[in-house]
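The values are calculated or read from the model by the stated rules, or taken from the named source; none is laboratory data. Nothing here was measured: the structure is a model prediction, and the numbers come from that model. Glycine gets a Cβ as well: all are built from the backbone with ideal geometry, and neighbour counts include every protein chain shown. Each accessible area value is taken on the protein alone, full model and side chains, heavy atoms only, with ligands, DNA and RNA left out. Shrake-Rupley method; radii C 1.70, N 1.55, O 1.52, S 1.80 Å.
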Amino acid sequence: MLKTILSISGKPGLYKLISQGKNMLIVESVNAEKKRFPAYGNEKIISLADIAMYTDDAEVPLYDVLESIKEKEKSAQASIDPKNATPEQLREYLAEVLPNFDRERVYVADIKKLVAWYNILISNGITEFKPEGEIKEEEVAE
């Protein structure tokens with residue numbers, strides 16, 4: 001699911017990929033407005049599926065971190081407000097869901113963005129974070 005959810009540098013929030021044009025993508029905001037607009041190749045656009053968080057020994061895909069937050073929060077909004085929390089509170093929160101995160105390479109701004117993205121996804125009904133292949137494998141294993 002995260003493959004089609006995009007972050008666009010310089011624009012707040014998250015966007016869903018709708019279509020592709022010659023030198024642009026058509027995206028739709030992931031919020032109540034559902035505003036559509038073109039995103040051009042000169043903008044830094046990244047899929048959430050391609051993002052990972054640094055840990056002491058490796059990188060953990062973003063979907064694993066989002067799943068951990070979902071388990072902690074029981075699929076509800078995050079219990080911490082990223083805008084008003086202190087840096088220490090944010091680091092403690094991330095340590096609960098990703099205990100071995102790299103404290104030198106993961107910045108407070110990254111944690112704020114992670115929690116904000118989680119809240120956007122949950123509030124808009126996007127609760128499946130794992131890639132489609134992994135979801136099917138788990139269902140077969142049960």
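What is the calculated FRET efficiency for residue 44 to residue 83, with r their C-beta to C-beta distance and R₀ = 25 Å, to the nearest 0.05? Display every interim value, and only then the final one.
Numbers: r = 23 Å, r/R0 = 0.93.
Here the calculated transfer efficiency is 0.60.
What lysines could a cross-link reach from residue 113, if we take a straight Cα to Cα line under 23 Å and drop same-chain neighbours fewer than 8 places away?
3, 11, 16, 34, 35, 44, 70, 72, 74, 83, 130
What ranking, highest mean first, results for peptides 110-122, 81-93, 55-67 when packing means the other Cβ atoms within 10 Å averaged over each residue?
Details: 110-122: 19.5, 81-93: 13.9, 55-67: 15.9.
Packing order, densest peptide first, comes out as 110-122, 55-67, 81-93.
Might you tell me the accessible area per residue for the chain, computed with a 1.4 Å probe and given in Å²? Each step should come with its number before you reach the end.
Numbers: 8540 Å² over 142 residues.
The answer is 60 Å² per residue.
Within the chain, which DSSP H helices have Cα atoms that stretch 18 Å or more along the helix axis and a mean Kyte-Doolittle hydropathy of at least -0.5?
The answer, listed by residue number, is 108-123.
At R0 = 35 Å, how high is the FRET efficiency between residue 74 and residue 107 if r is their beta carbon distance? Nearest 0.05 is fine. Please report the intermediate quantities before stating the final value.
Details: r = 28 Å, r/R0 = 0.79.
Rounded to the nearest 0.05, the efficiency is 0.80.
From a point 7 Å beyond the Cα of residue 56 in the direction of its Cβ, which residues of segment 76-99 have a backbone N at a distance under 11 Å?
Taking a point 7 Å out along Cα→Cβ of residue 56, the residues of segment 76-99 whose backbone N falls under 11 Å are 99.
For a distance above 25 Å, tell me the whole-number percent of Cα pairs in the chain that qualify. Before the final figure, lay out the partial values.
On the way: 3041 of 10011 pairs.
Cα-Cα pairs in the chain separated by more than 25 Å: 30 percent.
Does segment 20-97 classify as rounded, prolate or oblate by the C-alpha gyration tensor (a ≥ b ≥ c root eigenvalues; a/c under 1.5 gives rounded; else a/b over b/c gives prolate, otherwise oblate)?
prolate
Which distance in nm do the two modelled labels at residue 64 and residue 22 give, with both placed 7 Å along the Cα-to-Cβ direction?
Reported label-point gap for residue 64 and residue 22 is 4.3 nm.
Express the carbon and sulfur contribution to the solvent-accessible surface of the chain as a percent, rounded to the nearest whole number, probe 1.4 angstrom.
50
State to the nearest 20 debye the size of the charge dipole of the chain about its Cα centre, where the only charges are +1 on K and R beta carbons and -1 on D and E beta carbons.
Charge dipole of the chain: 1020 debye, to the nearest 20.
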